[in-house]
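Asker: Below is the structure I would like to discuss, written out as structure tokens.
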Amino acid sequence: MVFPRRAAAIVGVYTTRQARSLDKTSYSLQLEAMKGALDDAGLTLADVDGILPFDRSAYSTSPFAAQVWATQLGGRALSFAEPGSPTTGIPKAALAISAGMCNVIVAFWGKAGWKLGPGATAVPDEAPRVAEWHYALFGGGYAHFYALWAQRYLHEFGLDSEDLAQVAVTHRDHATLNPESVMGSRGPISVDDVLSSRMVSSPLHLLDCALDTDGGYAVVIASAEIARNCRKPPVWILGGAEAMHTDFYATIDDPWFPTSGQSVSKTAEIAFGQAGVTRDDIDVAGLYDCFTVTMLRDLEELGFCKLGEGADYFREGHTRLGGSMPCNTDGGLLSNSHNGMPHGMHTIEVVRQLRGECGPRQVPNAKIGLSLAQGASVHGYAGTLIMATD
Amino acid sequence: MPDTRTAARPYLKPLPEISDLNRPFWDGLGRHELRVPRCADCGDFNWVPYPACRTCLSENQRWTVVSGDATVFSFTVVHRGPGAFDADVPYVLALGQLVEQPRPCNVLANLVGIDPGAVRIGMPIRLGYVEIPDEDVTMYEWLPR
């Protein structure tokens, strides 16, 4: 069996304003993003017959997000509804379109008014009850869990904080060329700036951590027939895959960095096979950089370098603008925006690169791009997508 | 004798929801025992507990008392913590790998009784028990060994 390359394309993308705090609701951001991405494609709501909703709605009128959205979108039958996140769900969206299940799918997300970070939260009046063995029992959260992972990673491969910090420096450099990024206007940072930023959870300093911002975005995927008549040039889906590996920050197996790879590795193997391209063919990429350490692990798991060599590979400059495969040219989650579920943000930047819309940060002659989203128990869950221009 | 202390009141950090499925574990802690599901068919330990063995999918698992001895598999010194934990910074979160094998069990808990700057991967630790005043649960923490 072969993946139906170029049977579906990304035809519309949109990002709302991204900021530390937006005076809007999550729902409102999702609606804005959905409408914006359809407009970018030159399509209307009436064209939509599939959705990739990650969030539910403002009202709990159904246990299934898709039912709520089908009603919100006018009350009609949606023939594709996949609860996967943007990027991880897009390969399945392409398959559904190629199989005739639907024609136009919108993936969307928006978040405002809540934070992911480890910042101080109110002390309750009595002990809250949480799931058994959950990290919350011990004062853990996302950043702390990634810190445990980073500490073990540095230990196993003989690396240090400077190896991590270089990622934040490069992604900030990229953000300075992206006027829509949250941190670009603050200017570049140095390795010393990262190392002297306050420690959040060792070995992760503040500037090793993603932003914790509000914002929304949407991606429209359409059939080849529709794509050819859209407002913007199509960005074809060549291949992609999603994989699950572990539960939600509870089970930690040893080795934590198996040579056989984890979810990201699995999706890369499948996606490259489907796309019929090699790693050397990738002109531009957007890799999940929720923490500096994540970026290094992405490069290893995707097979751009070997296990434990992510820091050396990164230092060689391949992923910088001007390098052989610029990555996270928008500034990434570290310096552009992390809006709670930013799984589609990297895909959107790669689409803009492949369209040639990126101005001062444009990668010349970008034809083939790759995006990666990951999460859960640090590489427990992943989606890789390979895209190309005409 | 296991190390036991009683937490200060009021205890405002999260506590576990006790269910029929997980009760043997929490009852064990109340007796100052660490119980880990071990597959009676293939012999592997499973942590965190799942309804069936992760190696052979057998439901024939037994809550098995283990020594509570471990080594630090990884750790982090936390400088920003949620809720009531923020008053404790800097505090240590550690994954302790139980000495019992096969299948390494990495158990997450706070590591106390040591200067956070002195914690190292590989150092020996042991489980301590924390009585929670006015609550029906005993918690656990890592201590230097």
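Each reported figure results from applying straightforward, stated rules to the coordinates on display, with no laboratory input. All values derive from a computational prediction rather than experimental measurement. For neighbour counting, all protein chains shown are included, and Cβ atoms are generated from backbone atoms with ideal geometry for every residue, glycine included.
Asker: Tell me the net charge near residue A:388. Cut-off is 13 Å between Cβ atoms, residue A:388 excluded, with +1 for each Lys or Arg and -1 for each Asp or Glu.
Answerer: Combined, the nearby Lys, Arg, Asp and Glu give +1.
Asker: Taking Cα centroids, how far is the stretch A:100-155 from the stretch B:1-31 in Å?
Answerer: 23 Å
Asker: Ok, one more. Would you work out which of A:319, A:256, B:111 lies farthest towards the positive end of the dipole of the protein assembly as shown, given +1 charges on the beta-carbon of Lys and Arg and -1 on that of Asp and Glu, about the Cα centre?
Answerer: A:319
Asker: Can you list the lysines whose alpha carbon sits under 19 Å from that of residue A:35, skipping same-chain ones fewer than 8 residues off?
Answerer: A:24, A:111, A:232
Asker: Among residues other than residue A:304 whose Cβ falls under 10 Å from its Cβ, what is the net charge (Lys/Arg +1, Asp/Glu -1)?
Answerer: Taking every other residue near residue A:304 into account, the sum is -3.
Asker: Here is a further query. Please tell me the relative contact order of the stretch A:45-200 in percent, rounded to the nearest whole number, where contacts are Cα pairs under 8 Å and at least six residues apart.
Answerer: Worked out over the stretch A:45-200, it gives 17 percent.
Asker: Any idea what log10 I(q)/I(0) is at q = 0.11, 0.21, 0.22 Å⁻¹ for the stretch B:1-91, Debye with uniform C-alpha scatterers and no solvent?
Answerer: -0.46, -1.17, -1.19
Asker: Which value, in debye to the nearest 20, gives the size of the charge dipole of the stretch B:18-144 about its Cα centre, when Lys and Arg are +1 and Asp and Glu are -1 at the Cβ?
Answerer: With Lys and Arg at +1 and Asp and Glu at -1, about 480 debye.
Asker: Now for a separate question. With a cap of 15 neighbouring Cβ atoms within 10 Å, and only residues DSSP puts in a loop, list the GluC sites (Glu not before Pro) found in the stretch B:1-68.
Answerer: B:17, B:59
Asker: Ok, one more. Shielding of B:49-62 by partners, i.e. mean partner chain Cβ atoms within 10 Å per residue?
Answerer: Across B:49-62, the average partner-chain Cβ count within 10 Å equals 1.
Asker: Any chance you could check the Cα centroid distance between the stretch B:62-129 and the stretch A:193-227 for me, in angstrom?
Answerer: The two parts, judged by their Cα centres, are 29 Å apart.
Asker: Given just the C-alpha atoms of the stretch B:18-144, how large is their convex hull per residue in cubic angstrom?
Answerer: 114 Å³
Asker: For the stretch A:1-48, take every pair of Cα atoms, bin their distances at 5 Å starting from 0, and report each bin as a whole percent.
Answerer: Percent of pairs per bin, in order: 5, 17, 22, 17, 13, 12, 7, 4, 2, 1.
Asker: In addition: Give me the distance in nm between label points sitting 7 Å out from Cα along the Cα-to-Cβ direction at residue A:131 and residue A:390, one decimal.
Answerer: Result: 4.8 nm between the two label points.
Asker: Okay, moving on. Can you list the residues of the stretch B:106-129 with backbone N under 15 Å from a point 7 Å past the Cα of residue A:247, pointing along Cα to Cβ?
Answerer: Label zone hits: B:106-109.
Asker: Hey, if you put +1 on the Cβ of every Lys and Arg and -1 on every Asp and Glu Cβ in the protein assembly as shown, which of B:130, A:158, A:196 ends up farthest toward the positive end of that dipole?
Answerer: The listed residue farthest towards the positive side: A:196.
Asker: Related question: At q = 0.07, 0.10 Å⁻¹, what log₁₀ I(q)/I(0) does the protein assembly as shown have when each alpha carbon counts as one equal point scatterer in the Debye sum?
Answerer: -0.41, -0.83
Asker: Pairs of Cα atoms under 8 Å, at least six residues apart: use those to get the relative contact order of the stretch B:18-144, whole percent.
Answerer: It rounds to 22 percent for the stretch B:18-144.
Asker: When the chain is fully extended, how far beyond the present Cα-Cα distance does residue A:280 get from residue A:77, taking 0.36 nm per residue of separation?
Answerer: Here the answer is 68.8 nm.
Asker: Moving on. Which of A:179, A:265, A:389 sits farthest toward the positive end of the charge dipole of chain A, with +1 on the Cβ of Lys and Arg and -1 on the Cβ of Asp and Glu?
Answerer: My answer, from the dipole projection, is A:389.
Asker: Based on the Cα gyration tensor of the stretch A:292-390, what are the three equivalent ellipsoid semi-axes, each the root of five times an eigenvalue, rounded to whole Å and given largest first?
Answerer: 21, 17, 13
Asker: Just to be sure I understand: of the beta bridges DSSP finds with both ends in chain A, what percent are antiparallel, rounded to 5?
Answerer: Beta bridges within chain A, antiparallel portion: roughly 75 percent.
Asker: Answer rounded, prolate or oblate for the stretch A:194-269, using the Cα gyration tensor with square roots of eigenvalues a ≥ b ≥ c: rounded when a/c is under 1.5, else prolate when a/b is larger than b/c, else oblate.
Answerer: oblate
Asker: Turning to a different aspect of this structure: Quick check on the protein assembly as shown: helices-only [θ] at 222 nm, where DSSP H runs of length 4 and up contribute -39,500 (n - 2.57) each and the sum goes over total residues. Nearest 500, please.
Answerer: So the calculated ellipticity at 222 nm is -7000 deg cm²/dmol.
Asker: A further question follows. Please give, to one decimal in nm, the separation of the simple spin-label points placed at residue B:9 and residue A:122, each 7 Å out from Cα toward the Cβ.
Answerer: 2.4 nm
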